[in-house]
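Enquirer: Dropping the structure in here first, questions after.
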Amino acid sequence: NKGKYEHYMQKEIHEQPESLTTTMRGRLICGGSCKSQTVLLGGLKDHLKTIRRSRRIVFIGCGTSYNAALAARPILEELSGVPVTMEIASDLLDRQGPIYREDTTVFVSQSGETADTLRALEYALENGALCVGITNTVGSAIARHTHCGVHINAGCEIGVASTKAYTSQIVVMAMLALAIGADTISNQARREAIIDGLFDLPSKVREALKLDQEMKELAKLLMNEQSLLVFGRGYNYATALEGALKVKEVALMHSEGILAGEMKHGPLALVDETLPIFVIATHDACFSKQQSVIHQLHARKGRLIVMCSKGDAASVCPGESCRVIEVPHVEDCLQPVVNIVPLQLLAYHLTVLRGYNVDQPRNLAKSVTTE
Ligand code: UD1
Ligand code: F6R
């Protein structure tokens, strides 16, 4: 049932404040005095010790689920102190990459049925690693075959393009980082700030959804373009990849997510006065580096659209020519959850304006059950 919406993708984008609330329900728990909050992931509590002791955490997934893991990687590294590596499921299988008994492998999948991810799970089980699932589908193959895991509880996702599952996956992985890091005193203040941020997150996402009309206007401007580049770094490298994936898969427009730190190593050659470039420059530790990227793109007459934190417009925009999208500020590791929203809206409106099928993009299936 699409309710008041025209498409499932649109409905699923707009219901993210609710799906995120459901994802967190019962999992943020009051400590003794209720001053200190802790995270309780029922499916993992008996395995946290093993995860903390593992030599490496390996995230494995495909498409949007891979991007969600990439968004959570920095906070997991920070709070756990365990090295975290990333694997696209098919690539791990192609290489038969090393997986050891001392590894914790984390399988991220909305459907829980993706063939490549499932094959990679079988491979990790054969190699003796601890296998953790993060899925949206109770009873799915990945949920059944992993040793333990977390259901993201985002509710059924019908649009082929994953939207609300992405944001719920990131939140679950941030909670995973909090749970793993919960035995260290040194990062307690950081953990509390993130937990406060999680409580506020649904309302910040609701605020970001108010950009709907603005993103529709932007889509009108971009609808006849051939290509859109999306620059991000740090926590928002994943946002760049995921934003570009949405634009290409539903709006059928070429789009590429680019790690801003790689700009001078090739992508800069593409910049001219015609190609639109979306730059994610919200406030975090990478902000000044991203400001200098904007200046360099501007110096080469790039057609810039800059996403920044509320109040930062003047300090990110070098000239009149640049368009700004202001988003609410949240704790750095949660910012990808807010930042993807305008890009989801942009992909949605581009698709409608270009006259393509929103919920069933050509050639794609919701669940990819063949390798
Ligand atoms: C569970 C119940 C939830 C109930 C809550 C009350 C289920 C599915 N969930 O939620 O209805 O309200 O207790 O305390 O009955 N698992 C995997 N692999 C995965 C995902 C999950 O092995 O990919 C396992 C978990 O380790 C766990 C079980 O499935 O044993 C349920 O996981 P989850 O729903 O996340 O647990 P709770 O949040 O505790
Ligand atoms: C993109 C999209 C796909 C899936 C990928 C993995 O919007 O939906 O990239 O994310 O096929 O699917 P799951 O998460 O079900 O394993």
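The rows are residues; the columns are (1) open to solvent by less than 20 Å² (accessible area, probe 1.4 Å); (2) more than 13 Å from ligand 1 (Cβ to nearest atom); (3) not β-branched (V, I, T).
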{"position": "T135", "(1), (2), (3)": "yes, no, no"}
{"position": "H145", "(1), (2), (3)": "no, no, yes"}
{"position": "A154", "(1), (2), (3)": "yes, no, yes"}
{"position": "G159", "(1), (2), (3)": "yes, yes, yes"}
{"position": "S162", "(1), (2), (3)": "yes, yes, yes"}
{"position": "V172", "(1), (2), (3)": "yes, no, no"}
{"position": "A177", "(1), (2), (3)": "yes, yes, yes"}
{"position": "I180", "(1), (2), (3)": "yes, yes, no"}
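Enquirer: Looking at (1) over 14 Å from V341 (Cα atoms); (2) of a type outside the set (K, R); (3) in contact with a Ser or Thr (Cβ under 9 Å, 6 or more places away or on another chain); (4) not in a helix (DSSP H, G or I), which is the only condition L178 fails?
Expert: (4)
Enquirer: Related question: Among the residues of region 127-137, what is the count of those that are farther than 16 Å from R27 by Cβ and more than 11 Å from ligand 2 (Cβ to nearest atom)?
Expert: Looking only at that region, the number is 5.
Enquirer: State which residue pairs qualify: first residue part of a helix (DSSP H, G or I) and inside region 133-148, second residue among the charged types (D, E, K, R) and open to solvent by 30 Å² or more (accessible area, probe 1.4 Å) in any location, beta carbons under 8 Å apart, and separation of 6 or more residues or different chains.
Expert: Hits for this filter: A141/E113; I142/E113; H145/E122.
Enquirer: Can you pull out every residue in region 297-329 that is of a type outside the set (G, A, S) and assigned to a loop (DSSP other than H, G, I, E, B)?
Expert: R300, K301, K310, D312, C317, P318, E320, C322, P328, H329
Enquirer: Output the residues belonging to region 88-111 that are part of a strand (DSSP E or B) and surrounded by 23 or more Cβ atoms within 10 Å (Cβ to Cβ).
Expert: T104, T105, V106, F107, V108, S109
Enquirer: Related question: Determine whether Q335 is open to solvent by less than 60 Å² (accessible area, probe 1.4 Å) and either without any contact (Cβ under 8 Å) to a residue 24 or more places away in the chain or more than 16 Å from ligand 2 (Cβ to nearest atom) (or both).
Expert: yes
Enquirer: Suppose we filter region 140-169 for residues that are away from ligand 2 (no atom under 13 Å from the Cβ) and either charged (D, E, K, R) or out of contact with any strand residue (DSSP E or B) (no Cβ under 7 Å at 6 or more places or on another chain) (or both); how many remain?
Expert: 4
Enquirer: Right, something else. Among the residues of region 61-75, how many are away from ligand 1 (no atom under 16 Å from the Cβ) and within 11 Å of M173 (Cα to Cα)?
Expert: Number of matching residues: 5.
Enquirer: For residues that are open to solvent by 10 Å² or more (accessible area, probe 1.4 Å) and not in a strand (DSSP E or B), tally how many sit in region 225-263.
Expert: Matching residues across region 225-263 total 13.
Enquirer: Sticking with this structure for a sec: So which pairs qualify, if the first residue must be in region 347-362 and within 15 Å of Y8 (Cα to Cα), the second must be of a type in the set (K, R), the Cβ gap must be under 6 Å, and the two must be at least 6 apart or on different chains?
Expert: A347/K246; H349/K216
Enquirer: Among the residues of region 350-371, how many are surrounded by fewer than 23 Cβ atoms within 10 Å (Cβ to Cβ) and part of a helix (DSSP H, G or I)?
Expert: Qualifying residue count, region 350-371: 3.
Enquirer: Just to be sure, is P342 buried (at least 24 other Cβ atoms within 10 Å of the Cβ), at pLDDT 95 or above, in contact with a strand residue (DSSP E or B) (Cβ under 7 Å, 6 or more places away or on another chain) and part of a helix (DSSP H, G or I)?
Expert: Yes.
Enquirer: In region 279-321, how many are open to solvent by less than 20 Å² (accessible area, probe 1.4 Å) and either in contact with a Pro (Cβ under 6 Å, 6 or more places away or on another chain) or farther than 21 Å from P336 by Cβ (or both)?
Expert: 2
The values are calculated or read from the model by the stated rules, or taken from the named source; none is laboratory data. The model shown is predicted, which means the values in this text are computed figures rather than measured ones. As a convention, Cβ positions derive from the backbone with ideal geometry for all residues, glycine included, and neighbour counts pool all protein chains shown. The area values use the complete protein model at the heavy-atom level, side chains included, leaving out ligands, DNA and RNA. Shrake-Rupley method; radii C 1.70, N 1.55, O 1.52, S 1.80 Å.
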